[in-house]
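Note sheet for the following structure.
The values are calculated or read from the model by the stated rules, or taken from the named source; none is laboratory data. Only a predicted model underlies this, so the values are computations on that prediction, with no experimental measurement involved. As a convention, Cβ positions derive from the backbone with ideal geometry for all residues, glycine included, and neighbour counts pool all protein chains shown. Surface accessibility is based on the protein's heavy atoms, side chains included, excluding ligands, DNA and RNA. Shrake-Rupley method; radii C 1.70, N 1.55, O 1.52, S 1.80 Å.
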Amino acid sequence: MAYRCQKVLVVVITLLLVAEIIHASRMNQADTVTLQEERPLLVWYTDPDIQQYMEETAEKAGEAYGVQVRTELVSEVDYIENISEESVSEEMTGPDLYVVSSSLLEKAALAGLTDPVDQSELSGDYSEKAIHAAVYQGRTMARPFYVETCFLLYNRYYTEQAPATVDEILAYADSFEPDDVTAGVDKIFEWNVADVIENYMFLGAYTDLGGEDGDDMGQVSMDLERIGECMAYYQSLNGYFAIDADTVTSEQIVQDFIDGKTVYMIANAAMLARVDEAAENGELPEYPSERTVVNEEGAEETQTLEFEPFYGAAALPDLTAELETRGLSVTNSVAVNPYSRNPEAAHAVAEYLTAGNAAGLYREADKLPAFRALEEAPTPAWEAVCQAYDEAAEIPKLMELSDIWLHLEAALADIWRGEDASEQMAEFAGLLDGRME
């Protein structure tokens with residue numbers, strides 16, 4: 001009887017293993033696609049940072065589907081116009097699919113250059129925020145690819161948790177006294193005050209640039225009273241942290257953080273990738289392994305210091321208990337050109353680029369994938385980064401607002417240097433109103 005039970009158990013285990021092998025095989029093997037016209041599929045993109053990823057993933061997609069896939073890095077100048085011109089030519093020399101920022105999605109859609117995606121194909125694998133970033137006038141026009149936004153990083157040797165507000169950072173700064181562990185600190189809080197994406201957090205909670213999908217001209221507004229309070233607070237931070245808007249760079253900020261000179265910083269995807277790279281390569285300073293602290297009973301005790309990773313991450317803090325923040329995000333998607341001679345194959349390759357090899361985006365291109373159904377997190381900061389992105393306002397799709405960022409960047413720079421904040425924001429709000437007329 002025992003022998004028979006053992007034999008049955010072996011059979012069951014064998015069947016389970018075979019089922020698992022078959023399942024894994026199906027997950028790793030793409031369906032073949034049929035070309036309606038025998039020609040390579042062409043993919044256009046404008047960001048040189050993703051060149052390695054695009055070339056390698058295109059080769060993998062081609063092998064998976066049995067088609068030839070070519071990628072081409074092109075100029076971002078007149079990008080949509082050039083796609084349109086090449087697409088309507090007699091030979092259709094334009095791309096079958098292309099990477100497009102959410103800021104250009106309205107232009108692409110109105111030019112008839114987007115073949116809609118069934119939104120049910122994206123649900124569950126992407127956040128609602130990412131899907132809305134690919135929606136124009138109620139239709140999903142592309143597949144979310146990679147995202148950019150800002151978030152907070154902090155050195156865990158210097159502070160135990162992320163602050164809920166910038167006020168808490170100021171309180172930390174006021175009470176800061178260097179000890180054996182924090183002796184190398186010379187900056188409490190740093191961010192690139194010359195970068196409009198990082199600065200947007202200071203007015204984002206009280207600004208609406210087109211509604212949830214960023215495509216509604218009726219939902220463009222600014223609460224100038226609350227923004228005035230935020231801008232006054234923003235301006236006051238210059239007195240605390242004295243960041244020079246004319247000389248600050250993201251490269252220096254992230255290097256200061258890696259070197260243990262900074263407690264808190266606002267970071268983006270490229271900066272995070274540099275921090276992870278430095279940690280992996282052993283470029284960090286040597287921190288003390290323990291420190292002496294006074295416990296609640298007033299007695300001294302030794303506390304072990306060993307943090308892996310050395311940093312923590314969180315979504316952006318509010319300014320105060322009363323003044324909220326909201327970051328800005330940019331989502332790049334992959335759209336299929338309806339002029340493609342092989343639309344079915346183009347959609348298959350678009351899915352492979354955005355989901356099939358998404359795990360390689362951060363590793364190969366320092367980009368944060370929009371695809372969430374990853375087998376493992378690409379960075380220890382993944383959960384916080386996803387939260388920061390989901391809470392951020394997406395850059396609008398409205399063509400009327402395409403150049404407002406230069407004006408906003410100039411206004412924020414003037415406010416940082418001491419110009420009247422209310423006047424600067426009123427002037428910017430007037431610019432928005434003029435664009436909506």
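Within the set of pairs 6 or more residues apart or between chains, which connect a residue that is free of Cβ contacts under 8 Å to residues at least 12 places away in the same chain and charged (D, E, K, R) inside region 282-309 to a residue that is open to solvent by less than 60 Å² (accessible area, probe 1.4 Å) and assigned to a loop (DSSP other than H, G, I, E, B) with Cβ atoms less than 6 Å apart?
Here the result reads GLU301/ASN295, each pair linking region 282-309 to a residue that is open to solvent by less than 60 Å² (accessible area, probe 1.4 Å) and assigned to a loop (DSSP other than H, G, I, E, B).
It is to be established whether one or more residues within region 224-233 are in contact with a strand residue (DSSP E or B) (Cβ under 8 Å, 6 or more places away or on another chain), at pLDDT 95 or above and open to solvent by 50 Å² or more (accessible area, probe 1.4 Å). Walk me through how you get there before you give the answer.
Here is the first cut: in region 224-233, the residues in contact with a strand residue (DSSP E or B) (Cβ under 8 Å, 6 or more places away or on another chain) are 227.
Next, from what is left, pick out any that are at pLDDT 95 or above: 227.
Still in the list and also open to solvent by 50 Å² or more (accessible area, probe 1.4 Å): none.
Within region 224-233 (the criterion being in contact with a strand residue (DSSP E or B) (Cβ under 8 Å, 6 or more places away or on another chain), at pLDDT 95 or above and open to solvent by 50 Å² or more (accessible area, probe 1.4 Å)), the answer is no, since none of the residues qualifies.
Kindly establish whether ASP195 is farther than 15 Å from LYS261 by Cα and not β-branched (Val, Ile, Thr).
Details: farther than 15 Å from LYS261 by Cα: yes; not β-branched (Val, Ile, Thr): yes.
Against the criterion (farther than 15 Å from LYS261 by Cα and not β-branched (Val, Ile, Thr)), ASP195 qualifies.
For region 388-408, which positions are acidic (Asp, Glu) and either free of Cβ contacts under 8 Å to residues at least 40 places away in the same chain or touching a helix residue (DSSP H, G or I) at 6+ places or on another chain (Cβ under 6 Å) (or both)?
Step one: of region 388-408, the residues acidic (Asp, Glu) are 390-391, 394, 400, 403.
Residues satisfying the conditions are ASP390, GLU394, GLU400, ASP403.
Consider only pairs whose beta carbons are under 8 Å apart and that are at least six residues apart or on different chains; among these, list those whose first residue lies in region 214-227 and is within 23 Å of THR140 (Cβ to Cβ) and whose second residue is hydroxyl-bearing (Ser, Thr, Tyr).
Listed by first residue and then by second, the contacts come to GLY214/SER102; ASP215/TYR136.
Applying the selection to region 45-69, what residues are over 17 Å from ALA365 (Cβ atoms) and surrounded by 14 or more Cβ atoms within 10 Å (Cβ to Cβ)? Walk me through how you get there before you give the answer.
Keep residues of region 45-69 that are over 17 Å from ALA365 (Cβ atoms), which gives 62-69.
Passing the criteria: GLY62, ALA64, TYR65, VAL67, GLN68, VAL69.
Criterion first (surrounded by fewer than 24 Cβ atoms within 10 Å (Cβ to Cβ) and either basic (Lys, Arg) or free of Cβ contacts under 8 Å to residues at least 12 places away in the same chain (or both)) does SER123 satisfy it?
Numbers: surrounded by fewer than 24 Cβ atoms within 10 Å (Cβ to Cβ): yes; either basic (Lys, Arg) or free of Cβ contacts under 8 Å to residues at least 12 places away in the same chain (or both): yes.
In short, yes.
Looking at VAL334, VAL349, VAL385 in this structure, which one is surrounded by 15 or more Cβ atoms within 10 Å (Cβ to Cβ), in contact (Cβ under 8 Å) with a residue 40 or more places away in the chain and part of a strand (DSSP E or B)? I'd like the intermediate steps shown before the answer.
Numbers: VAL349 fails: part of a strand (DSSP E or B); VAL385 fails: part of a strand (DSSP E or B).
Within the list VAL334, VAL349, VAL385, the selection yields VAL334.
Out of region 134-175, which residues are aliphatic (A, V, I, L, M) and either crowded, with 21+ Cβ neighbours inside 10 Å or at pLDDT below 95 (or both)?
If we filter region 134-175 for residues that are aliphatic (A, V, I, L, M), which is where we start, we get 134-135, 141-142, 147, 152-153, 162, 164, 166, 169-171, 173.
Hits for region 134-175 are ALA134, VAL135, MET141, ALA142, VAL147, LEU152, LEU153, ALA162, VAL166, ILE169.
So if I check each of GLU351, GLU364, GLU391, which one is modelled with pLDDT of 95 or more and farther than 23 Å from ASP49 by Cα?
Numbers: GLU351 fails: farther than 23 Å from ASP49 by Cα; GLU364 fails: farther than 23 Å from ASP49 by Cα.
Matching residue, one of GLU351, GLU364, GLU391: GLU391.
So, of the residues in region 305-331 that are touching a Ser or Thr at 6+ places or on another chain (Cβ under 7 Å) and of a type in the set (Ser, Thr, Tyr), which turns out to be surrounded by the most Cβ atoms within 10 Å (Cβ to Cβ)?
For region 305-331, the residue satisfying everything is THR331.
Give region 334-363 a look and list any residue that's more than 17 Å from the chain's Cα centre (by Cα) and basic (Lys, Arg), or say none.
Across region 334-363, the qualifying residue is only ARG341.
Which of the residues belonging to region 352-382 are free of Cβ contacts under 8 Å to residues at least 12 places away in the same chain and either surrounded by 23 or more Cβ atoms within 10 Å (Cβ to Cβ) or not in a helix (DSSP H, G or I) (or both)? Explain how you work it out, then say what you get.
To start, the set of residues in region 352-382 that are free of Cβ contacts under 8 Å to residues at least 12 places away in the same chain comprises 377, 382.
Scanning region 352-382 gives a single hit, ALA377.
Restricting to region 39-72, name every residue that is in contact with a helix residue (DSSP H, G or I) (Cβ under 6 Å, 6 or more places away or on another chain) and without any contact (Cβ under 8 Å) to a residue 40 or more places away in the chain.
GLN68, THR71
Do we find that GLU106 is under 24 Å from GLY211 (Cβ atoms), open to solvent by 20 Å² or more (accessible area, probe 1.4 Å), in contact with a Leu (Cβ under 8 Å, 6 or more places away or on another chain) and in contact (Cβ under 8 Å) with a residue 40 or more places away in the chain in this structure?
On the way: under 24 Å from GLY211 (Cβ atoms): yes; open to solvent by 20 Å² or more (accessible area, probe 1.4 Å): no; in contact with a Leu (Cβ under 8 Å, 6 or more places away or on another chain): yes; in contact (Cβ under 8 Å) with a residue 40 or more places away in the chain: yes.
Spelling it out, it is not the case that GLU106 is under 24 Å from GLY211 (Cβ atoms), open to solvent by 20 Å² or more (accessible area, probe 1.4 Å), in contact with a Leu (Cβ under 8 Å, 6 or more places away or on another chain) and in contact (Cβ under 8 Å) with a residue 40 or more places away in the chain.
Can THR249 be described as at pLDDT 95 or above, surrounded by fewer than 14 Cβ atoms within 10 Å (Cβ to Cβ), on the phi < 0 side of the Ramachandran plot and out of contact with any Asp or Glu (no Cβ under 7 Å at 6 or more places or on another chain)? Full working, then the answer.
Numbers: at pLDDT 95 or above: yes; surrounded by fewer than 14 Cβ atoms within 10 Å (Cβ to Cβ): yes; on the phi < 0 side of the Ramachandran plot: yes; out of contact with any Asp or Glu (no Cβ under 7 Å at 6 or more places or on another chain): yes.
So THR249 passes the test.
Taking the options ILE83, ILE131, name whichever one is of a type in the set (A, V, I, L, M), surrounded by 14 or more Cβ atoms within 10 Å (Cβ to Cβ) and free of Cβ contacts under 8 Å to residues at least 24 places away in the same chain. Show your work before the answer.
On the way: ILE83 fails: free of Cβ contacts under 8 Å to residues at least 24 places away in the same chain.
Being of a type in the set (A, V, I, L, M), surrounded by 14 or more Cβ atoms within 10 Å (Cβ to Cβ) and free of Cβ contacts under 8 Å to residues at least 24 places away in the same chain holds for just one of ILE83, ILE131, which is ILE131.
Over 21 Å from the mean Cα position of the chain (by Cα) and within 30 Å of LEU122 (Cβ to Cβ): is that true of GLN219 in this structure? If you could, list the steps in order and put the result at the bottom.
Working: over 21 Å from the mean Cα position of the chain (by Cα): yes; within 30 Å of LEU122 (Cβ to Cβ): yes.
The answer is yes for GLN219.
Can you tell me which of (1) outside any loop (DSSP other than H, G, I, E, B); (2) out of contact with any helix residue (DSSP H, G or I) (no Cβ under 9 Å at 6 or more places or on another chain) is the one PHE428 doesn't meet?
In the conditions (1) outside any loop (DSSP other than H, G, I, E, B); (2) out of contact with any helix residue (DSSP H, G or I) (no Cβ under 9 Å at 6 or more places or on another chain), PHE428 misses (2) alone.
In region 142-171, which residues are basic (Lys, Arg) and closer than 22 Å to ALA183 by Cβ? Give the steps one after another, and end with the answer.
Here is the first cut: in region 142-171, the residues basic (Lys, Arg) are 143, 156.
Once the filter is applied, which keeps residues that are basic (Lys, Arg) and closer than 22 Å to ALA183 by Cβ, region 142-171 yields only ARG156.
Among the numbered criteria (1) within 25 Å of TYR339 (Cα to Cα); (2) modelled with pLDDT of 95 or more, which one does GLU90 miss?
Unmet for GLU90, out of (1) within 25 Å of TYR339 (Cα to Cα); (2) modelled with pLDDT of 95 or more: (2).
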